[in-house]
Amino acid sequence: MAVISRECAAVLDGGQGAVHCVRFTRDGAYAMTAGQDRSVMLWNPARDDGGAAAGPEDARERPPGPRALRTPITTFAGHSHEVLGVAIAADNSRFISCGGDKLVIAWDVATARAVRKLGGHTHRVNAVALNADASVALSAGYDTTVRCWDLRSQMREPIQTLFDAADSVASVVVHAHRLVTGSVDGCARIYDVRKGLLTTHTLGPPVSSVAVSRDGNCVLACTLDDRVRLLDLATGELLASYGGAGRERPPSGAAGGAGARLRAFECRSYKVEAALSSDDAHVVAGSEDGGVHSWDLVSADSFGVLAGHTRAVCSVACHPDIGERGALLTGSHDGTARYWVETAGT
């Protein structure tokens with residue numbers, strides 16, 4: 001079995017407090033982090049800005065280890081509470097953010113200015129998504145609703161509000177003509193916009209994040225029972241399960257990467273994200289103990305655990321380029337994001 005081995009190449013430490021969301025731009029060249037300090041920061045995680053390796057601040061020579069990046073390219077300030085989610089347009093010129101101030105804000109990257117502020121949620125907004133051409137924004141709220149916003153018009157009201165969840169909606173993604181949401185009520189919901197149909201898959205434990213495979217056939221759901229589940233999108237059939245007590249299986253004859261050690265995946269109290277690699281070959285998830293887990297999609301064998309964060313890892317993003325399938329962003333409550341790169345494979 002091929003094993004992806006990673007090492008941390010850079011620590012992004014912009015003083016944001018807890019990093020709630022990390023995302024690659026659509027071309028994978030840049031990264032965004034959203035933090036407790038009410039800001040969104042834009043980074044080039046591959047650059048060397050002259051900072052020392054993460055570690056001793058007074059080192060005269062750079063010690064071995066990941067670079068410490070402390071100065072983002074741009075900082076976007078406009079939220080009055082912590083920022084919880086970010087979604088970036090395909091052309092990288094725009095993005096939207098959401099947070100504890102109940103707002104969805106649309107931003108222009110070139111000017112670093114907020115161009116729209118969309119209000120309507122009655123509580124914090126947990127997550128946001130954009131359709132393919134960034135003409136429609138989706139926002140998932142603690143108020144149990146998903147709201148759809150037309151970004152081409154100056155309408156102050158959402159064009160549609162979905163009221164189907166019975167509890168906080170933690171995650172929303174768009175894939176082609178379908179919306180997929182994950183809710184604390186234990187359900188993953190698939191809305192087929194073309195057909196006007198809703199399909200509900202009941203998992204039981206609260207769902208903290210959802211992701212859709214590149215081919216659109218599967219839903220990956222992270223749930224607050226120490227598991228990540230892969231479901232058939234159409235039928236809800238359980239295809240695979242990752243994590244869970246006694247379910248970790250080590251890789252065959254290979255180590256799991258720099259700093260890796262096999263330990264249990266933890267997801268009980270935090271909103272933890274799981275993601276699929278750009279080639280749909282493996283699953284990656286943060287963990288409440290500060291580890292970053294990865295598994296083979298089909299066999300559910302563990303690739304090991306990446307160590308480096310010191311508190312819960314709640315956001316993960318895989319590089320969008322299949323040629324860079326090992327590159328990974330992680331965001332943690334320890335106040336940093338980390339950029340991991342592939343080092344070797346067997």
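Okay, here's what the table says:
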item: Residues whose placed amide H lies under 5 Å from that of Cys218, excluding near-sequence neighbours; result: Ser213, Leu233
item: Portion, in percent, of the accessible area of segment 289-334 that falls on carbon or sulfur, probe 1.4 Å; result: 47 percent
item: Phi to ³J(HN,Hα) by Karplus 6.51 cos²θ - 1.76 cosθ + 1.60 over segment 124-130, Hz, x for Gly, Pro; result: 4, 9, 7, 7, 9, 8, 10
item: Globularity index of the chain, i.e. its alpha-carbon radius of gyration over 2.2 N^0.38 Å; result: 0.94
item: Estimated inter-spin distance, Ala29 and Ser241, nm [label 7 Å along Cα→Cβ]; result: 4.4 nm
item: Per residue solvent-accessible surface (Å²) - the chain, probe of 1.4 Å; result: 41 Å²
item: Potential lengthening between Ala46 and Thr71 on full extension [0.36 nm per residue; Cα-Cα distance subtracted]; result: 7.7 nm
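The values are calculated or read from the model by the stated rules, or taken from the named source; none is laboratory data. These figures come from a predicted structure and were not determined experimentally. FYI the Cβ positions are ideal-geometry reconstructions off the backbone, even for glycines, and counts take in every protein chain you see. Note: areas computed on protein heavy atoms with side chains; ligands, DNA, RNA excluded. Shrake-Rupley method; radii C 1.70, N 1.55, O 1.52, S 1.80 Å.
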